Amino acid sequence: MTRACDLAIVGGGIHGVGVAQRAAAAGHSVLLLEKERLAAGTSSRSSKLIHGGLRYLESGELRLVRESLHERTALLRLAPELVRLQRFYIPVYADTRRRPWVLAAGLTLYAGLAGFARGASFGLVPRHAWDTLDGLSTARLERVFWYHDGQTDDAALTRAVMASAERLGAELASPATFIGAELRDDGAVVRYSQRGGVVECLARVLVNAAGPWAPQVARLISPASALPDVELVQGTHLVLEAPPPARGIYYVESPRDGRAIFVMPWRGAAMIGTTEVRFRGNPDEVSASVGETHYLRGVLRRYFPAMAAAHGSGRAFAGLRVLPGGTGHAFHRSRETMYTVDRARKPRVVSIYGGKLTTFRATAAEALKRVAASLPARRPRADVDRVPLPPA
Ligand SMILES: Cc1cc2nc3c(=O)[nH]c(=O)nc-3n(C[C@H](O)[C@H](O)[C@H](O)COP(=O)(O)OP(=O)(O)OC[C@H]3O[C@@H](n4cnc5c(N)ncnc54)[C@H](O)[C@@H]3O)c2cc1C
């Protein structure tokens, strides 16, 4: 027998669970399909920052920075056990590309865009305190700025949002793999495999929140819609054995190409990332390359020589970003989320491409706005701006 729901969502990453929570809170019946386990994809392989994205100011993405800072404030309030403010340090050396006046201007704008809310202050670490900064190299060091941003456990946050969605009535099917959908005038007949069988669900709306698998998932929907011009970019982090930086998170410039890299504490270890390398292939097979780990070890050696020497073995993990296609380096591409729908009037499918962990609530709201005309009116169950997100 074919079951029915208002929304079927493909993908148990932060975007899928965010849509599930918001739709369930609005009173809709929701089924979320995840082929492995919650946060099995990019949502457990990020830099784990809930941040405005200071560096996006360089590319003029003011709207995105403002929205991200707003979301940071909301998550600090809704998920205080999962999202915490950390102190960040930006060292400026004689050869650092971003000069002190550029950083001071950027941090002033950042504080302004945060509305001078909690965590919006910044300043300079006095010279006499530089030797307390976890062994940061002081040769030719000119200034060290500090400011605040958020850090989280991305997978735990994803599980917390899904637990909230389930409390609001959403259903999680996992492991359950989406295998195809046929669009009808009133919705989509969604097929998925679970426990060796094939199940059908008639959904008013199908949400493709499959992250780097979203193009694959879109190709399984008939009739086919045009795919946006996107590409996958791999980002690797290196996790090295303890002791981690004790003072906070360091935001340094790669000596090789000027890219911004974080050196941060993570579960009793030091985590360094990330890289950006174009990825072609099956997202199931993404893995860190030797070249990437060399690159990250080189950054650590430049700024924390003692830490680099003390750290022996480590492990690396890689995740995939979905970015707009283009010819320039991925570092300079827009980080705005992209949405597509199958038709302008009463769309049956909305696909989410790209996005940030930080802005998952705003992304969910925007995705639902795109398909609002196709969903029946329901009695809301809760206001997600007031629903706490305790660890699941
Ligand atoms: C290296 C890196 C660092 C980042 N750092 C940050 C950061 O510090 N802060 C920040 O805000 N953002 C960061 N981001 C961005 C952020 O992590 C991602 O935007 C976000 O996690 C994407 O979530 P998602 O739900 O779209 O995708 P995913 O988390 O990948 O979820 C997609 C899910 O779909 C499932 N799936 C796929 N196909 C099917 C199918 N056929 N049936 C059922 N399920 C399926 C997968 O198993 C997966 O669980 C980073 C990204 C990268 C790559």
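Read the figures in this text as sums done on the coordinates, not as results from a lab. Computed from a prediction, not measured in an experiment: that's the story for all the values here. Note: ideal-geometry Cβ built from the backbone for every residue, glycine included; neighbour counts use all protein chains shown.
Structural remarks
- Distance from segment 128-152 to segment 192-237 (C-alpha centre basis), Å: 43 Å
- All Cα pairs of segment 69-151, percent lying beyond 18 Å: 49 percent
- Angle in degrees between helix 154-167 and the longest Cα principal axis of the chain, rounded to the nearest 10: 30 degrees
- Within-15-Å neighbourhood charge of P126 [Cβ basis; K, R +1; D, E -1]: +2
- Anchor K356: lysines whose Cα lies under 20 Å away (excluding residues fewer than 8 positions away in-chain): K48, K369
- Whole-number D in µm² s⁻¹ for the chain, Kirkwood Cα-pair radius fed into Stokes-Einstein, 37 °C, 0.692 mPa s: 150 µm²/s
- Counting only Cα atoms, the size of segment 230-324 along its three principal axes is 39, 25, 22 Å, in decreasing order.
- Spin-label model, S334 to E241: label points 7 Å out along the Cα-to-beta-carbon direction sit 4.7 nm apart.
- Sparsely packed loop sites in segment 129-212 (the trypsin sites (Lys or Arg not before Pro) outside DSSP H, G, I, E and B with at most 15 other Cβ atoms within 10 Å) comprise R140, R195.
- In this structure, D186 and A392 have a Cβ-Cβ separation that, at R0 = 35 Å, corresponds to a calculated FRET efficiency of about 0.50.
- Segment 61-101 versus segment 339-392: alpha-carbon centroid distance in Å: 25 Å
- Within the chain, antiparallel bridges make up roughly 75 percent of the DSSP beta bridges whose residues both belong there.
- Using θ = phi - 60° and Karplus 6.51 cos²θ - 1.76 cosθ + 1.60, couplings along segment 77-93 (whole Hz; Gly, Pro as x): 7, 7, 10, x, 7, 10, 10, 10, 6, 10, 7, 10, 10, 10, x, 10, 9
- For segment 294-305, 3J(HN,Hα) computed residue by residue from phi via the Karplus equation (6.51, -1.76, 1.60; θ = phi - 60°) reads 4, 4, 5, 4, x, 5, 5, 4, 5, 9, 10, x Hz, glycine and proline entered as x.
- In this structure, the amide hydrogen of D342, modeled 1.01 Å from its nitrogen in the peptide plane, lies closer than 5 angstrom to those of R348, V349, counting only residues at least 5 positions away or on a different chain.
- Cβ-based charge dipole, segment 230-324, positive-most Cα from H294, G314, P244: P244
- Relative contact order for the chain, counting Cα pairs under 8 Å that sit 6 or more residues apart, in percent: 25 percent
- Prolate/oblate/rounded call for segment 7-107, Cα gyration tensor, a/c under 1.5 rounded: prolate
- Computed from Cα positions, the angle between helix 14-25 and the longest principal axis of the chain comes to roughly 50 degrees.
- ³J(HN,Hα), Karplus 6.51/-1.76/1.60, whole Hz, each residue of segment 267-278, x for Gly, Pro: 6, x, 10, 9, 10, 10, x, 9, 9, 9, 10, 4
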